[in-house]
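The values are calculated or read from the model by the stated rules, or taken from the named source; none is laboratory data. Every value quoted in this text rests on a predicted model; they were computed, and no experiment measured them. Cβ coordinates were reconstructed from backbone atoms using ideal geometry, including for glycine residues, and neighbour counts include every protein chain displayed. Accessible surface areas use protein heavy atoms only, side chains included; no ligands, DNA or RNA. Shrake-Rupley method; radii C 1.70, N 1.55, O 1.52, S 1.80 Å.
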Amino acid sequence: ALLCSSAAAVVLLKWLGRRQIQQKMEEARRMRDLALERMEKAACRFKQENPGTQTAHVLSLTMAELAEKLKEGSLSPESVLYSYMGKVKALEVTREVNCVIDFIHGCEDQLQKLKKQKEKGLLYGIPISIKDHIDCKGHISSGGMVKFLGQMKEEDSVIVQVLKSQGAIPFVKTNIPQTMINYDCSNPIFGQTLNPLNHQKSPGGSSGGEGALIAGGGSILGIGSDVAGSIRLPSSFCGLCGLKPTGNRIRYIPASVLFFHPLWRLQRMMGPMARDVDSLALCMKALLCEEMFRLDPTVPPIPFDEEVYTSSKPLRIGYYEGDGYFQPSPSMKRAIQQTRKLLQDAGHTLVPFAPPKIDYMVDELFTRGIFSDGAAHLVDCFKGDIVDPNLKSQFNTYRLPALVKRILAIVLKPIVSVWTCLVCVIGNLQGGEISVYRTEFIAKWRKLRLDVILCPVLGPAFNHGYAGKLFAATSYTNLYNILNFPAGVVPVSTVTRADEEELKHYRGHYGDPWDKRLKECVALPWQEELCLRFMKEVETLTH
């Protein structure tokens with residue numbers, strides 16, 4: 001009787017805990033719906049009071065054109081903000097693809113203050129979307145986790161403060177995958193975000209809400225973050241431009257939403273996402289200002305170098321079609337081949353390049369760097385929470401006992417090429433190991449006298465649910481997190497029917513279970529301007 005009573009008590013407590021979690025999630029969704037309703041009412045009110053606003057014209061402008069018209073006064077900040085807020089765009093897009101999780105209602109007060117300012121910043125009147133985990137005063141940063149719901153932030157993060165000081169207007173927060181360790185975009189609180197170009201596909205992650213909203217036309221500029229490709233993968237999947245800067249050029253300041261071991265060795269970066277390269281450059285120019293250097297003294301006071309960005313000097317470009325770890329899809333290879341020819345015809349020098357010791361980089365440096373504690377800290381974060389279905393295959397691996405992981409590592413290594421991604425080998429990665437690899441990589445770069453590198457980024461967009469099963473495919477992006485090099489993505493082509501037919505015969509390098517499931521521009525550290533200049537060259541030649 002005592003055992004039965006104890007068992008019943010345990011079941012009851014679990015049920016009550018589960019019910020409490022469900023209630024918190026329902027409340028979060030209710031608050032989101034109220035916020036979106038508030039945004040719609042504000043947009044409708046403005047439209048009624050200003051029936052002559054040319055919304056279609058506002059939404060058709062590039063960010064550079066928009067900034068110029070706002071600066072000269074031919075467009076008002078109100079007309080721009082409410083055009084993007086209104087039914088026509090942000091609300092319409094999120095109802096279609098579920099990408100916006102909150103309305104930053106303070107944007108209306110900020111708009112009024114902005115009108116009274118004499119000095120107009122570089123982003124004066126530009127509405128901006130912000131990734132969920134970036135702190136905004138009076139709003140939550142959930143990380144897709146129930147445990148963070150209800151924790152309102154008391155102040156804006158540094159990057160939001162700087163954006164506001166330059167006249168930008170953050171107006172919505174966007175969806176992310178739970179814990180941001182997945183490059184799909186789904187969590188149990190706000191659900192699955194769809195790709196606006198094809199609803200059967202993922203928008204990528206972890207900045208997937210940003211990718212979906214910008215690609216759908218609901219935002220002109222967004223701020224994401226990047227640990228293993230979280231800016232570049234959504235940019236690739238959604239046909240956008242995105243930049244991962246050098247770590248500390250725009251510093252990622254950890255808030256309460258931190259899921260990796262506090263002592264991990266990899267650089268986390270924040271960066272912009274937009275529809276064209278000039279928008280990224282304008283955003284970087286605005287961020288690399290005195291206000292940024294004052295608010296965060298750890299950011300080197302290096303302003304944006306306009307001369308490098310606008311240079312027309314021919315470049316010496318290293319390139320590769322595949323990294324030797326995860327076989328590129330037909331569309332990835334074709335994008336590099338076509339772009340290489342265009343660059344050569346434009347007078348640039350193209351040099352074959354192969355990343356050194358790529359297996360070692362992925363299996364040892366990256367995997368042990370991100371899971372130096374065997375993912376114990378990440379697993380611990382889920383206590384009293386619900387695991388999203390798209391994360392379960394990863395999570396079930398992470399929570400295996402250490403002994404089981406070690407046994408699986410020995411058994412599976414001859415069979416599965418990316419065994420470390422499966423079993424999360426426990427072992428502390430020393431910072432010196434990454435430094436040695438970076439030195440070797442730079443030596444090869446210098447020997448070939450390269451300015452930049454052209455390489456593929458993962459694509460085409462995956463179907464929903466596959467990203468959690470294909471963590472190994474991030475080798476094309478996580479290499480440059482390990483190296484801490486600036487890297488940007490530029491769309492150069494779309495997937496063709498011929499690509500799809502060729503994909504049916506795809507086997508991969510190893511023929512292992514990972515391969516069967518299925519443009520990046522890079523510069524040396526602190527050379528974001530050169531990276532953007534190269535991206536602009538690629539964009540110009542391919543459009």
request  = Could you state the accessible area per residue of the chain in Å², with a 1.4 Å probe and every protein chain left in place?
outcome  = 41 Å²
task = Pick out, from T397, V162, I101, the residue whose Cα sits farthest towards the positive end of the charge dipole of the chain, with +1 on the Cβ of Lys and Arg and -1 on the Cβ of Asp and Glu.
result = T397
key: Accessible surface, 1.4 Å probe, highest first, among residues L13, L343   = L13, L343
inquiry  = Only bridges whose two residues both fall in the chain count here: according to DSSP, what percent of them are antiparallel, nearest 5?
reply    = 65 percent
query = Considering only L240, I407, L59, whose Cα is most displaced toward the positive end of the charge dipole of the chain, charges sitting on Cβ of Lys, Arg (+1) and Asp, Glu (-1)?
reply = I407
query = How large is the Kirkwood hydrodynamic radius of segment 16-303, in angstrom, based on all distinct alpha carbon pairs?
reply = 18.8 Å
message = Among 191-199, 231-239, 477-485, 146-154, how do they line up by average Cβ neighbours within 10 Å per residue, starting with the highest?
response = 231-239, 477-485, 191-199, 146-154
message = I'd like to compare 204-211, 456-463: which one has the highest average count of other Cβ atoms within 10 Å, and what's the full order after that?
response = 204-211, 456-463
ask   = For Cα Rg over 2.2 N^0.38 Å, the choices are (i) 0.96; (ii) 1.81; (iii) 1.10; which was calculated from the structure?
value = (i)
message = At 1.4 Å probe size, what's the solvent-accessible area of S74? Round to the nearest 10 Å².
response = 70 Å²
ask   = How do the peptides 377-385, 317-325 rank, highest first, by the average count of neighbouring beta carbon atoms within 10 Å per residue?
value = 317-325, 377-385
key: Subset of K47/K285; K137/K201; K113/K137; K113/K285; K357/K469 violating a 28 Å alpha-carbon distance limit   = K47/K285; K137/K201
ask   = Which listed residue (L111, G121, N175) has the Cα farthest towards the positive end of the charge dipole for the chain, taking +1 on Lys and Arg C-beta and -1 on Asp and Glu C-beta about the Cα centre?
value = N175
ask   = Which sequence of H133, H464 reflects their accessible areas, 1.4 Å probe, from the largest down?
value = H464, H133
task = Enumerate the lysines that K41 could reach by cross-link, defined here as Cα to Cα under 17 Å, with residues fewer than 8 away along the same chain left out.
result = K87, K89
